[in-house]
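Beneath this line is the structure, given in structure tokens, with notes to follow.
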Amino acid sequence: MTTLPTGVELAELPNGVRVVTETVPSVRSVALGLWVRTGSRDEAPAQAGVSHFLEHLLFKGTERHSAIEISELFDGMGAATNAATGKESTHLHARFLDEHTERAFDLLAEMLLAPALPPEEIDSEREVVLEEIAMYEDEPSDRVHDVLAEAIYGDHPLGRRVLGRSEVIGGIPVPDIAGYHHTRYTAPNIVVSAAGHLEHARLVELAERYVSAPAANGAGAAPNGGLPSDAAKLLFYPKDTEQYHICFGGPGISRGDERRFALAVLDTIFGGSVSSRLFREVREKRGLAYSVGSYTHEFVDRGFVASYVGTRADNVAEACEIIGRELASLSTEGVSDDELRRAKEHVKGRLVLGLESTGSRMSRIARAVLFGIPLLSIDEMLERIEGVSAEEVAELSAELYDPAKFAAACVGPEEERFRDAASHVSEALVA
């Protein structure tokens, strides 16, 4: 990452913490994030969900401030603050007026690096997270995506959901949580990222003062679990629902793969927009579903492509048959010039509109540094998107929609109906 876009600066502190900023002079706010390269992928099975649980506990008090005091301090700055846990990262973030930069930085850093983990707060927050898991179990349109990840990746950590398991959250001891924090929240795993009305040198100074994280404690940034196998399967999760919630998918590409721009175009054409093939054929023409589409996920060494449909029992077979047929046609018939042009403009528009937010800019530069991805300027990204050819889209489709590697997942009332419908997708892809 030797050449950085205009306005972006990067520094590495002596302890290994990296600081990346993007100056946006036209705003009066700052979006600040403290990112740690650890997530559900780094958990052993007996720790399933500890990364997400710990993220909740970061708000539950430090040596200097109670949980309510933390809330009052952020409210007193007019700040919007939150946190998130993924499969490969965890982060705290806040947006605030530029005049509050030091106060917000100090508080976020203390929360991240020195949570008090008070037992009474931990016990009450266990119940909150257990309720979150229960709520999630009651949402089949959400649950099916993690069922698909398990169908694709099996017992590999990428196949586990970020929320983890209720039995782990309900019983994991406080020393185990503290030990995970001590092992993973280390300087080489931390990136400080900020975008907005700021001075890079000032952010570096604040990081030197407040982010006094320890050196690595036996855990580097390498992803846990190694490469998953490509052994795909069908997984059914029984639930008494009005609709069948069905996903199809298979292994994709990594975060840094140069073909990620072609994949964005491919996904837009297939099901990632309201003019996509799936939306048009399944919803608009036949009225088989309210919700239908496709998406992708990329990780440091692997990813996956996926499609989703939620539909009533009578429509399951037809909807799945259409998905299989449209998947097959992408590689056998290719895409039209009009589809390609429209998809490129859609991807470019979403990119530029998204980056008008300082929070999105902060997240983009953070992920690039955290995962070692070349940080391109907006113009460079637009150029890469514009350069995607129909041949690249067809080649990528043929590789990623390989029937031998395709998996399927369903949350619904009858497994046999799902398996019969899934066979239509396989037949269409092989034909």
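Values quoted throughout were computed directly from the atomic coordinates according to the rules given, and no laboratory measurement underlies them. Since we're looking at a predicted model, the values are computed, not measured. Note: ideal-geometry Cβ built from the backbone for every residue, glycine included; neighbour counts use all protein chains shown.
Could you give the dipole magnitude of the stretch 234-430 about its Cα centre, charging the beta-carbon of Lys and Arg +1 and that of Asp and Glu -1, in debye to the nearest 20?
Charge dipole of the stretch 234-430: 620 debye, to the nearest 20.
Bin width 5 Å, origin at 0, all Cα-Cα pairs of the stretch 21-137: what percent of pairs per bin?
2, 11, 19, 21, 20, 14, 8, 4, 1, 0
Using the alpha carbon gyration tensor of the stretch 75-118, what are the three equivalent-ellipsoid semi-axes (square root of 5 times each eigenvalue), largest first, in whole Å?
Equivalent ellipsoid of the stretch 75-118: 20, 14, 9 Å, largest first.
Assign one of three labels to the stretch 8-210, namely rounded, prolate or oblate, based on the Cα gyration tensor with a ≥ b ≥ c the square roots of its eigenvalues; rounded applies when a/c is under 1.5, prolate when it is not and a/b is larger than b/c, and oblate otherwise.
Prolate is the answer for the stretch 8-210, as a/c is 1.5 or above and a/b outweighs b/c.
Rounded to the nearest 500, what is the 222 nm mean residue ellipticity of the chain from helices alone, with -39500 (n - 2.57) per DSSP H run of 4+ residues and division by all residues?
Value at 222 nm, helices only: -13500 deg cm²/dmol.
What's the Cα-based Rg to Rh of the chain, Rh via Kirkwood?
0.98
Running a GNM on the chain with Cα contacts under 10 Å, which residue among Gly196, Gly287, Gly359 ends up with the highest mean-square fluctuation?
Largest GNM mean-square fluctuation: Gly287.
In vacuo Debye scattering of the stretch 277-337, one point per C-alpha: log10 I(q)/I(0) at q = 0.22, 0.24, 0.29, 0.30 Å⁻¹?
Summing over Cα pairs of the stretch 277-337 leads to -0.91, -1.00, -1.20, -1.24.
Taking K and R as +1 and D and E as -1, what net charge do the other residues with C-beta under 9 Å from the C-beta of Ala31 add up to?
+2
With a sphere of radius 14 Å drawn around the Cβ of Pro118, what net charge do the other residues whose Cβ falls strictly inside it have (Lys, Arg +1; Asp, Glu -1)?
Surrounding charge for Pro118 is -3.
Taking the Cα of Leu353, stepping 7 Å toward and past its beta carbon, and measuring to each backbone N in the stretch 265-290: which are under 11 Å?
In the stretch 265-290, the label zone of Leu353 (backbone N under 11 Å from the point 7 Å along Cα→Cβ) covers 274.
Given the stretch 288-431 reduced to its alpha-carbon atoms as identical point scatterers, what log10 I(q)/I(0) does the Debye formula return at q = 0.08, 0.14, 0.15 Å⁻¹?
For the stretch 288-431, the Cα-only Debye profile gives -0.30, -0.86, -0.95.
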